[in-house]
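All remarks here apply to the structure that follows.
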Amino acid sequence: MSVTIERIGAGRLGEYARISIAYQVRSVLCIDEVNGGLGGLLLRDEALKNPYGKDYDACEDGGPDDWPERFDTSHWGIFLACDEGVPVSGTAVAWNTAAIEDRQDLAVLWDIRVCPDRRGQGIGLRCSGPRPSGLLRRGVRS
């Protein structure tokens, strides 16, 4: 596996959007208090009796192809991971945009997607956007 990661512009969002964000919800995280909360919180994975599918690109808000029409993406970091030229993962980090209250000290992981057959291999983590030092140079603190 020879994965390369590159920052892309809005002109390549169609390529980014072809990576499926759909997934199956099979469990939920439940929060249990330890000693009434005084001993902390415990996260417990609980299987669903009726798993269901979720696809954010199918929502009426649209997917990545529509972002430039809805948001100022000129300051966003949009990253595409390709394995031998084939897109396998993508992330979008929103910064300095009205989509997140026009705050220049805040960056948000807006979108992350990994091809279904490549999930669980750490590709999404490797494609997690700009390095923290790049955001710090821009004044991002959160």
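Points worth noting:
- Placing +1 on the Cβ of every Lys and Arg and -1 on the Cβ of every Asp and Glu, with nothing else charged, gives the chain a dipole about its Cα centre of roughly 520 debye.
- Result for the chain in a Gaussian network model with C-alpha springs under 10 Å: among G14, G36, G53, the largest mean-square fluctuation is at G36.
- The chain: most fluctuating residue of S128, S20, S74 per GNM, C-alpha cutoff 10 Å: S74
- Peptide packing for 25-33, 59-67, 89-97 was compared via the average number of neighbouring C-beta atoms within 10 Å per residue; ordered from the highest value, the list is 89-97, 59-67, 25-33.
- The Rg/Rh ratio for the chain, using Cα coordinates for both the radius of gyration and the Kirkwood hydrodynamic radius, is 1.03.
- Nearest-0.05 FRET efficiency for E15 and C59, computed from C-beta distance (R0 25 Å): 0.75
- With K and R counted +1 and D and E -1, the other residues having a Cβ less than 12 Å from that of G40 yield a net charge of -2.
- For D66, net neighbour charge (Lys/Arg +1, Asp/Glu -1) across residues whose Cβ lies under 11 Å away: -4
- Placed amide H near I21: partners under 5 Å, 5+ positions off or other chain: D57
- The Cα center of segment 13-27 and the Cα center of segment 54-101 differ in position by 11 Å.
Bear in mind these aren't lab numbers, they're just calculated from the coordinates by the rules spelled out. As the structure is a computational prediction, the values presented were derived from the model and not from experiment. Methodologically, a virtual Cβ is constructed for each residue, glycine included, from the backbone with ideal geometry; neighbour enumeration extends over all protein chains shown.
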